[in-house]
Each structure stands twice: as C-alpha cells, then as structure tokens.
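Working notes, beginning with the structure itself.
The values are calculated or read from the model by the stated rules, or taken from the named source; none is laboratory data. Remember, predicted model here, so these are calculated numbers, not experimental data. Virtual Cβ from ideal backbone geometry, glycine too; neighbours counted across all protein chains shown. Just the protein is used for accessible areas: all its heavy atoms, side chains included, with ligands, DNA and RNA removed. Shrake-Rupley method; radii C 1.70, N 1.55, O 1.52, S 1.80 Å.
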Amino acid sequence: MTDRRLWSYKDIAAHIRVQPDTVRSYRKHGLLPPPDQVESGKPYWYVDTIRVWVAGRPGNRARRD
C-alpha cells in the first residue's frame with residue numbers, strides 16, 4: 001500500500017532527526033530525490049519516496065547481531 005501523504009523539508013528533517021536546513025542542503029547538493037510535487041514553488045515528497053531514500057542512505061545499513 002502506498003502512502004500518498006506529502007512531506008515538506010520540516011517533515012523529512014523530523015523523520016531523519018536533522019534540521020530542516022540540512023535537508024535543504026541535501027537537495028542543493030543533489031543528495032535528495034527530486035520532489036514529487038511542487039506547490040507555489042515549494043517542493044514536497046511522498047512519504048514512500050523519502051522512506052526509500054532513507055533506506056539507501058550511507059550509514060543506514062542493516063544491523064547484525
């Protein structure tokens with residue numbers, strides 16, 4: 001099932017526990033996927049898009065016991 005909610009920089013930042021400016025910097029440096037929607041010049045991403053991106057980020061490897 002897909003999650004069609006849209007997240008802003010603030011929502012993404014809260015999810016990955018960083019400041020919103022850090023997420024803006026990720027986008028500026030091409031580290032964030034392209035926005036799924038732009039409304040009034042503001043970018044938004046679907047929750048599923050961000051979850052896939054977070055899972056593939058360096059340092060987010062599966063932990064083994």
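A few points about this structure:
- Pairs with Cβ under 6 Å, 6+ apart, first in segment 1-18 and part of a loop (DSSP other than H, G, I, E, B), second open to solvent by less than 30 Å² (accessible area, probe 1.4 Å): D3/V47; R5/V47
- Counting only residues that are assigned to a loop (DSSP other than H, G, I, E, B) and either modelled with pLDDT of 95 or more or of a type in the set (A, V, I, L, M) (or both), segment 31-65 holds 9 of them.
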